[in-house]
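Asks: Mind having a look at this structure? Questions to follow.
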Amino acid sequence: TLPSVAFLGLGHMGGPMAANLVKAGYAVTGFDPVPAAAEQATKDGVTVVASAVEAVGSADVVVTMLPNGRLVLDLYDEILPTAKADALFVDSSTIDVADAREAASRAQAAGHRAIDAPVSGGVAGATAGTLAFMVGGSEDDFGSAQPLLEVMGRKVVHCGGSGNGQAAKICNNMILGVSMIAISEAFVLGEKLGLDNQALFDVASNASGQCWALTSNCPVPGPVPTTPANHDYQPGFAVALMDKDLGLASNAVRTNGVDAELGLRAAELYHRFNEGGGGGLDFSAIINDIRTRSTE
Ligand code: NAD
């Protein structure tokens, strides 16, 4: 029989993830303080209850999908004392590596098992059940969580011990933020030099400038017809989320004394763009910010 699941945080991501567990036959009990989230989850077949403690009840697995690390730690303090002995805690929120390690150690100290399992793939991936999970925790706990994660995702990678899922996620997104800015700067420079966007794409996509930001999320309309650039920069991966993830990466860069000048600068540029009103756009829209700031 399938393990029973408590799902806490039924928002944009957690809602469809919980719905996919229900579809796969899991008994899911959930809680979210926002009424609209609770109502949608009820329609999706989640047994929604009035508190996190009640949702956790005697669940075998407790999944959390919350906005930040502070909320995860506070919620863990609330639910760890009454959760079933040896329950498996799976935090899929994107949070600081240090917070993830702290959350897992608090869970273990209370007699439970814990992994961090942040995701990429966005709301579309959560809905389609095609998320990528990056997991930090022991081999055994990873193995126990794997079947459940494979219901919600398509790619599940064990990245090492506690916190390493979060570490992998922020390192990847730091690469992504820096590379999108690099690609965007190159297109704007090319435009100034009279180089056609398509010509630069044809050269760089077959040369050493090739990368995902260019060939799968090309920031100029035209060369790759499916990218957000062709649809008024509707996300995709929103600037607000890139700002958040690069903020977490910057924290880790500073805490660990890494000389990551480009990563820190990318975080600053996305933060400025987000604060300036770009938050709801796809992160490739940073090219328009770069073009606007460029002088004649
Ligand atoms: P969201 O704000 O839509 O959902 C979070 C939900 O958590 C809200 O409904 C909120 O009411 C609920 N919540 C807050 N405190 C709670 C508590 N104590 N108990 C139960 N529920 C509580 O956010 P989201 O877009 O679903 O993102 C969730 C996490 O996933 C974030 O950490 C985000 O960085 C990460 N993430 C999001 C995306 C995306 O595209 N949206 C992609 C990858 C990762």
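Asks: Can you find a residue in segment 265-282 that is touching a strand residue (DSSP E or B) at 6+ places or on another chain (Cβ under 8 Å), farther than 21 Å from Lys169 by Cβ and assigned to a loop (DSSP other than H, G, I, E, B)?
Replies: yes
Asks: In this structure, does Ser120 turn out to be more than 10 Å from the chain's Cα centre (by Cα) and not assigned by TED's automatic domain parsing to the domain that holds Val239? Break it down stepwise before answering.
Replies: Numbers: more than 10 Å from the chain's Cα centre (by Cα): no; not assigned by TED's automatic domain parsing to the domain that holds Val239: yes.
So Ser120 does not fit the description; no.
Asks: For segment 71-96, which residues satisfy the criterion of being near the ligand (Cβ under 10 Å from one of its atoms), charged (D, E, K, R) and crowded, with 16+ Cβ neighbours inside 10 Å?
Replies: Result: Asp91, single match.
Asks: Six or more apart or on different chains, Cβ under 6 Å: which pairs go from a residue in segment 272-295 that's not assigned by TED's automatic domain parsing to the domain that holds Pro221 and modelled with pLDDT under 95 to one that's surrounded by 15 or more Cβ atoms within 10 Å (Cβ to Cβ) and among the hydroxyl-bearing types (Ser, Thr, Tyr)? Could you list them?
Replies: Filtered contacts from segment 272-295: no entries.
Asks: Please determine, by comparing only the residues of segment 31-70 that are part of a helix (DSSP H, G or I) and either in contact (Cβ under 8 Å) with a residue 60 or more places away in the chain or touching a Gly at 6+ places or on another chain (Cβ under 8 Å) (or both), which one is nearest to the ligand (Cβ to nearest atom).
Replies: Out of the qualifying residues, it is Ala37.
Asks: Then there is this: Inside segment 22-59, can you point out the residues that are touching an Asp or Glu at 6+ places or on another chain (Cβ under 9 Å), β-branched (Val, Ile, Thr) and farther than 25 Å from Gly111 by Cβ?
Replies: Listed by number, the residues that qualify are Val22, Val48.
Asks: Based on what the data block shows, is Asp86 in contact with a Gly (Cβ under 8 Å, 6 or more places away or on another chain) and closer than 21 Å to Tyr26 by Cα?
Replies: On the way: in contact with a Gly (Cβ under 8 Å, 6 or more places away or on another chain): yes; closer than 21 Å to Tyr26 by Cα: yes.
It is true that Asp86 is in contact with a Gly (Cβ under 8 Å, 6 or more places away or on another chain) and closer than 21 Å to Tyr26 by Cα.
Asks: Which of the numbered conditions does Val135 fail, given that it passes all the others? Conditions: (1) crowded, with 20+ Cβ neighbours inside 10 Å; (2) touching a Lys or Arg at 6+ places or on another chain (Cβ under 8 Å).
Replies: So Val135 meets the others, but not (2).
Asks: Could you name every one of the helices (runs of 4 or more DSSP H) located completely within segment 132-236 that has at least 2 residues being among the polar types (S, T, N, Q) and modelled with pLDDT of 95 or more? Give the steps one after another, and end with the answer.
Replies: Numbers: elements: 139-152, 164-192, 197-204, 212-215.
It comes to 139-152, 164-192, 197-204.
The values are calculated or read from the model by the stated rules, or taken from the named source; none is laboratory data. None of the values given here were measured: they were computed from a predicted structure. Virtual Cβ from ideal backbone geometry, glycine too; neighbours counted across all protein chains shown.
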